[in-house]
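The next block holds one structure in the form of C-alpha coordinates; read it before the comments.
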Amino acid sequence: MLAIIFAMAANQQAIAGPVYPEVGTYKLQRIQPAPSGWVLENSPWLPRRLSSYTKGKITLFSFFYSTCRDPDGCPKAWEAFQKVHASIQANKKFHSKVRLVFLSLDPKVDTPEMMSMFQTSMSTPEAPWSFLTTWSESFLAPILNDLYVPAAREFDDAGKRTDVINHLIKVFLIDKEGWVREIYTTRFLDSDVIISDIGTLLLEEE
(Lines give C-alpha, C1' and ligand atoms only; values in the text may rest on other atoms or scores of the structure.)
Protein backbone atom coordinates (compact mmCIF):
# COMPACT_ATOMS: atom_id res chain seq x y z
CA MET A 1 0.00 0.00 0.00
CA LEU A 2 2.80 2.43 0.89
CA ALA A 3 4.49 1.69 -2.42
CA ILE A 4 1.29 2.58 -4.25
CA ILE A 5 0.92 5.85 -2.30
CA PHE A 6 4.54 6.88 -3.00
CA ALA A 7 4.13 6.01 -6.68
CA MET A 8 0.97 8.12 -6.91
CA ALA A 9 2.67 11.05 -5.19
CA ALA A 10 5.65 10.84 -7.53
CA ASN A 11 3.34 10.71 -10.52
CA GLN A 12 1.41 13.79 -9.34
CA GLN A 13 4.67 15.68 -8.86
CA ALA A 14 5.81 14.72 -12.38
CA ILE A 15 2.50 15.98 -13.79
CA ALA A 16 2.79 19.23 -11.85
CA GLY A 17 6.32 19.79 -13.16
CA PRO A 18 9.66 20.24 -11.41
CA VAL A 19 9.78 21.88 -8.00
CA TYR A 20 12.27 24.73 -7.58
CA PRO A 21 13.59 26.16 -4.30
CA GLU A 22 11.72 29.26 -3.19
CA VAL A 23 13.41 32.55 -4.03
CA GLY A 24 15.65 33.71 -1.21
CA THR A 25 15.75 30.34 0.59
CA TYR A 26 19.21 29.55 -0.75
CA LYS A 27 22.48 31.35 -1.41
CA LEU A 28 24.52 31.57 -4.58
CA GLN A 29 28.23 31.52 -3.84
CA ARG A 30 30.81 33.76 -5.48
CA ILE A 31 32.52 31.67 -8.15
CA GLN A 32 34.94 34.06 -9.84
CA PRO A 33 35.17 37.70 -10.93
CA ALA A 34 33.85 38.43 -14.41
CA PRO A 35 36.59 39.26 -16.96
CA SER A 36 37.23 42.77 -18.22
CA GLY A 37 38.59 42.60 -21.75
CA TRP A 38 38.00 45.16 -24.50
CA VAL A 39 34.66 44.95 -26.36
CA LEU A 40 32.76 46.93 -28.97
CA GLU A 41 29.08 47.80 -29.03
CA ASN A 42 27.85 50.28 -31.64
CA SER A 43 31.15 51.50 -33.09
CA PRO A 44 34.59 50.06 -33.90
CA TRP A 45 36.13 53.31 -32.63
CA LEU A 46 34.66 53.32 -29.12
CA PRO A 47 36.04 50.30 -27.21
CA ARG A 48 34.80 49.70 -23.69
CA ARG A 49 35.76 47.35 -20.93
CA LEU A 50 33.51 44.32 -20.56
CA SER A 51 33.16 45.29 -16.90
CA SER A 52 31.01 48.21 -18.12
CA TYR A 53 28.40 45.57 -18.91
CA THR A 54 28.85 43.29 -15.90
CA LYS A 55 28.68 45.73 -12.98
CA GLY A 56 25.95 47.92 -11.57
CA LYS A 57 23.13 45.53 -12.50
CA ILE A 58 22.56 41.81 -12.28
CA THR A 59 23.80 40.48 -15.61
CA LEU A 60 22.99 37.38 -17.62
CA PHE A 61 25.94 36.85 -19.96
CA SER A 62 26.83 34.38 -22.68
CA PHE A 63 28.59 33.96 -26.03
CA PHE A 64 26.95 33.49 -29.42
CA TYR A 65 27.53 34.10 -33.10
CA SER A 66 24.93 35.08 -35.68
CA THR A 67 25.53 32.22 -38.16
CA CYS A 68 25.33 29.44 -35.54
CA ARG A 69 22.86 26.75 -36.59
CA ASP A 70 23.54 24.00 -34.05
CA PRO A 71 20.17 23.41 -32.31
CA ASP A 72 22.01 22.61 -29.06
CA GLY A 73 24.24 25.67 -29.42
CA CYS A 74 23.41 29.37 -29.79
CA PRO A 75 19.70 28.84 -30.56
CA LYS A 76 19.36 27.16 -27.17
CA ALA A 77 20.93 30.16 -25.45
CA TRP A 78 18.77 32.52 -27.52
CA GLU A 79 15.61 30.73 -26.42
CA ALA A 80 16.58 30.91 -22.75
CA PHE A 81 17.53 34.59 -23.00
CA GLN A 82 14.27 35.45 -24.75
CA LYS A 83 12.23 33.73 -22.03
CA VAL A 84 14.19 35.50 -19.31
CA HIS A 85 13.81 38.80 -21.17
CA ALA A 86 10.04 38.33 -21.36
CA SER A 87 9.86 37.45 -17.66
CA ILE A 88 11.82 40.58 -16.72
CA GLN A 89 9.54 42.78 -18.80
CA ALA A 90 6.46 41.22 -17.19
CA ASN A 91 7.64 41.82 -13.61
CA LYS A 92 8.15 45.40 -12.45
CA LYS A 93 10.43 44.42 -9.59
CA PHE A 94 13.02 43.37 -12.19
CA HIS A 95 12.77 46.52 -14.30
CA SER A 96 16.08 48.35 -14.82
CA LYS A 97 17.82 46.01 -12.35
CA VAL A 98 18.81 43.25 -14.77
CA ARG A 99 20.62 43.32 -18.11
CA LEU A 100 21.29 40.66 -20.71
CA VAL A 101 24.57 40.55 -22.64
CA PHE A 102 25.66 38.51 -25.66
CA LEU A 103 29.27 38.61 -26.88
CA SER A 104 30.02 37.35 -30.39
CA LEU A 105 32.45 34.52 -31.08
CA ASP A 106 32.85 35.69 -34.70
CA PRO A 107 34.09 39.29 -34.75
CA LYS A 108 34.88 39.18 -38.47
CA VAL A 109 31.22 38.58 -39.38
CA ASP A 110 29.48 40.06 -36.33
CA THR A 111 30.52 43.67 -36.73
CA PRO A 112 29.38 46.47 -34.39
CA GLU A 113 26.88 47.53 -37.06
CA MET A 114 25.30 44.07 -37.15
CA MET A 115 25.27 43.85 -33.36
CA SER A 116 23.53 47.22 -33.27
CA MET A 117 20.68 45.83 -35.38
CA PHE A 118 20.19 42.93 -32.96
CA GLN A 119 20.19 45.32 -30.03
CA THR A 120 17.65 47.65 -31.63
CA SER A 121 15.24 44.78 -32.24
CA MET A 122 15.65 43.03 -28.88
CA SER A 123 16.57 45.52 -26.13
CA THR A 124 13.99 47.39 -24.07
CA PRO A 125 14.30 50.06 -21.35
CA GLU A 126 12.89 47.65 -18.74
CA ALA A 127 15.27 44.86 -19.77
CA PRO A 128 18.32 46.18 -21.66
CA TRP A 129 19.99 43.61 -23.90
CA SER A 130 23.47 44.41 -25.22
CA PHE A 131 25.06 42.69 -28.22
CA LEU A 132 28.84 43.03 -28.16
CA THR A 133 31.74 42.06 -30.38
CA THR A 134 35.51 42.59 -30.44
CA TRP A 135 38.09 43.86 -32.90
CA SER A 136 39.42 40.36 -33.54
CA GLU A 137 39.75 36.85 -32.14
CA SER A 138 42.93 37.91 -30.33
CA PHE A 139 40.84 40.30 -28.19
CA LEU A 140 38.16 37.65 -27.69
CA ALA A 141 40.52 34.86 -26.59
CA PRO A 142 41.43 36.27 -23.13
CA ILE A 143 37.75 36.65 -22.26
CA LEU A 144 37.04 33.06 -23.29
CA ASN A 145 40.06 31.83 -21.34
CA ASP A 146 39.06 33.71 -18.19
CA LEU A 147 35.62 32.09 -18.26
CA TYR A 148 36.94 28.64 -19.28
CA VAL A 149 34.85 28.53 -22.45
CA PRO A 150 36.48 26.47 -25.23
CA ALA A 151 35.77 27.71 -28.76
CA ALA A 152 37.50 26.75 -32.00
CA ARG A 153 36.88 27.24 -35.69
CA GLU A 154 35.99 24.08 -37.62
CA PHE A 155 38.00 23.11 -40.72
CA ASP A 156 36.79 21.13 -43.72
CA ASP A 157 38.53 18.09 -45.26
CA ALA A 158 40.73 20.36 -47.36
CA GLY A 159 41.95 22.22 -44.27
CA LYS A 160 39.95 25.36 -45.05
CA ARG A 161 38.29 27.32 -42.24
CA THR A 162 34.50 27.02 -42.23
CA ASP A 163 31.91 29.33 -40.70
CA VAL A 164 31.23 26.81 -37.92
CA ILE A 165 32.62 27.57 -34.47
CA ASN A 166 32.56 24.69 -32.03
CA HIS A 167 32.00 26.01 -28.54
CA LEU A 168 30.59 25.01 -25.19
CA ILE A 169 27.38 26.77 -24.20
CA LYS A 170 27.78 28.44 -20.83
CA VAL A 171 25.51 31.13 -19.45
CA PHE A 172 26.83 33.21 -16.55
CA LEU A 173 24.77 34.95 -13.90
CA ILE A 174 26.78 37.90 -12.57
CA ASP A 175 25.89 40.05 -9.57
CA LYS A 176 26.05 43.86 -9.54
CA GLU A 177 29.56 43.76 -8.07
CA GLY A 178 30.86 41.80 -11.08
CA TRP A 179 31.05 38.35 -9.49
CA VAL A 180 29.92 35.23 -11.33
CA ARG A 181 27.37 33.59 -9.01
CA GLU A 182 26.01 30.79 -11.19
CA ILE A 183 26.94 29.02 -14.44
CA TYR A 184 24.34 27.23 -16.55
CA THR A 185 25.18 24.72 -19.28
CA THR A 186 22.92 23.44 -22.07
CA ARG A 187 21.70 20.55 -19.95
CA PHE A 188 20.59 22.85 -17.11
CA LEU A 189 19.53 25.92 -19.08
CA ASP A 190 16.11 26.48 -17.52
CA SER A 191 14.70 30.02 -17.70
CA ASP A 192 12.55 29.46 -14.58
CA VAL A 193 15.66 28.54 -12.58
CA ILE A 194 17.48 31.59 -13.92
CA ILE A 195 14.63 33.91 -12.94
CA SER A 196 14.56 32.36 -9.47
CA ASP A 197 18.30 32.91 -9.11
CA ILE A 198 17.96 36.52 -10.27
CA GLY A 199 15.25 37.04 -7.65
CA THR A 200 17.53 35.58 -5.00
CA LEU A 201 20.33 37.99 -5.93
CA LEU A 202 17.91 40.92 -5.85
CA LEU A 203 16.88 39.97 -2.31
CA GLU A 204 20.53 40.21 -1.27
CA GLU A 205 20.47 43.88 -2.23
CA GLU A 206 17.52 44.74 0.01
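Here are the numbers for the structure shown:
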quantity	calculated
Of all residues in the range 44-81 being in a strand (DSSP E or B) and touching a Ser or Thr at 6+ places or on another chain (Cβ under 7 Å), the one that is farthest from Ile169 (Cα to Cα)	Arg49
Residue selected from the range 138-163 under the condition touching a Ser or Thr at 6+ places or on another chain (Cβ under 8 Å) and free of Cβ contacts under 8 Å to residues at least 40 places away in the same chain, by the criterion least open to solvent (accessible area, probe 1.4 Å)	Arg153
Tabulated pairs, the range 76-92, first open to solvent by 50 Å² or more (accessible area, probe 1.4 Å), second assigned to a helix (DSSP H, G or I), C-beta under 7 angstrom, 6+ apart or interchain	Lys76/Thr186; Lys83/Ser191
Of residues in the range 82-135 being among the hydroxyl-bearing types (Ser, Thr, Tyr) and assigned to a helix (DSSP H, G or I), the one nearest to Leu189 (Cα to Cα)	Ser87
Test: Ala77 is over 19 Å from Leu144 (Cα atoms) and of a type in the set (A, V, I, L, M)	no
Residue check, Gly56 open to solvent by 10 Å² or more (accessible area, probe 1.4 Å), farther than 21 Å from Asp197 by Cβ and touching a Lys or Arg at 6+ places or on another chain (Cβ under 8 Å)	no
Check on Glu177, open to solvent by 50 Å² or more (accessible area, probe 1.4 Å), more than 23 Å from Glu41 (Cβ to Cβ), charged (D, E, K, R) and modelled with pLDDT of 90 or more	no
Flag if Gly37 is touching a Phe, Trp or Tyr at 6+ places or on another chain (Cβ under 9 Å), of a type in the set (Gly, Ala, Ser), open to solvent by less than 10 Å² (accessible area, probe 1.4 Å) and touching a residue at least 40 places away in the same chain (Cβ under 8 Å)	no
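The values are calculated or read from the model by the stated rules, or taken from the named source; none is laboratory data. No experiment lies behind these values; they were computed from the predicted model shown. Reconstructed Cβ throughout: ideal geometry from the backbone, glycine too, with neighbour counts over all protein chains shown. For accessibility, only protein heavy atoms count, side chains too; no ligands or nucleic acids. Shrake-Rupley method; radii C 1.70, N 1.55, O 1.52, S 1.80 Å.
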